[in-house]
Amino acid sequence: MLNVERAGLPDIDRLVELRLQYLKEDRGQLKEEETAVITDRLPAYFQRVLDRELFVFVIREGGDIVSCAFLLVTEKPMSPAFLNGKTGTVLNVYTEPAFRHRGYAKEIMEKLVQKAEELELAYVELQATEDGYPLYKKTGFKDEMTKYRRMRWTNEAGKPADIV
């Protein structure tokens with residue numbers, strides 16, 4: 001059994017690095033301006049929300065974080081789908097390439113689901129890549145069929161001035 005722990009404030013610099021690695025792998029090369037903004041602003045975000053709204057689960061090798069997953073907790077107005085209003089979103093499931101295929105992400109996801117149960121979240125959602133899909137199925141996530149379509153509005157005018 002692997003030792004999954006929660007990241008803390010001393011881990012913020014490493015969490016920023018892992019977030020950037022995840023984004024580069026997921027989206028391709030980031031623009032220099034995007035990387036600068038993320039690097040500049042993400043530490044303050046982690047400082048504000050870590051262990052309040054954002055729970056980061058990690059595995060360390062030689063003292064360094066090599067695998068992580070984020071659980072973002074949101075409280076919404078109650079509905080029959082979430083009577084207590086609390087839901088979760090999984091973000092940034094990432095393992096350093098040299099440490100993949102060792103079961104790290106599976107252990108982290110099991111701990112993340114355990115935390116979701118402790119927090120009494122009505123549900124936890126995520127967006128799965130083809131590579132991650134089998135892992136999420138094994139840890140209890142199910143395909144969601146809904147009458148709703150996912151849509152997104154993007155505020156192009158709301159981008160930080162340094163990347164416009």
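Nothing in this text is a laboratory measurement; each read-out follows from the coordinates by a stated rule. Here the structure is a predicted model, which means the values were calculated and not measured. Every residue, glycine among them, receives a Cβ derived from its backbone with ideal geometry; neighbour counts consider all protein chains shown.
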| Using unit Cβ charges (K, R positive; D, E negative) and no other charged atoms, how large, in debye to the nearest 20, is the dipole of the chain about its Cα centre? | 540 debye
| remark: Simple SL model, points at 7 angstrom along Cα→Cβ for Y45 and E32; separation in nm is 2.3 nm
| message | Modelling each spin label as a point 7 Å along the Cα-to-Cβ direction, I'd like the T129/F82 distance in nm, to one decimal. | response | 2.5 nm
| field | Nonlocal Lys pairs with alpha-carbon distance under 24 Å, the chain (8 or more apart, or different chains) | value | 26
| query | How big is the gap, in Å, between the Cα center of the stretch 96-137 and the Cα center of the stretch 48-69? | reply | 13 Å
| Mean Cβ neighbour count within 10 Å, used as a protection proxy, ranking 54-65, 143-154 highest first | 54-65, 143-154
| query | For the stretch 1-49, with equal point scatterers placed on the C-alpha atoms only and solvent neglected, what are the log10 I(q)/I(0) values from the Debye formula at q = 0.20, 0.23, 0.28, 0.29 1/Å, to two decimals? | reply | -0.72, -0.87, -1.07, -1.11
| said: Suppose the Debye formula is applied to equal point scatterers at every Cα of the stretch 4-163; what is log10 I(q)/I(0) at q = 0.14, 0.17, 0.19 Å⁻¹? | reply: -0.81, -1.19, -1.42
| Any idea how far apart M145 and A98 come out in nm if each label point goes 7 Å out from Cα toward Cβ? | 4.5 nm
| said: Given Cβ point charges of +1 (Lys, Arg) and -1 (Asp, Glu) and nothing else, what value in debye, to the nearest 20, does the dipole of the stretch 81-164 about its Cα centre take? | reply: 200 debye
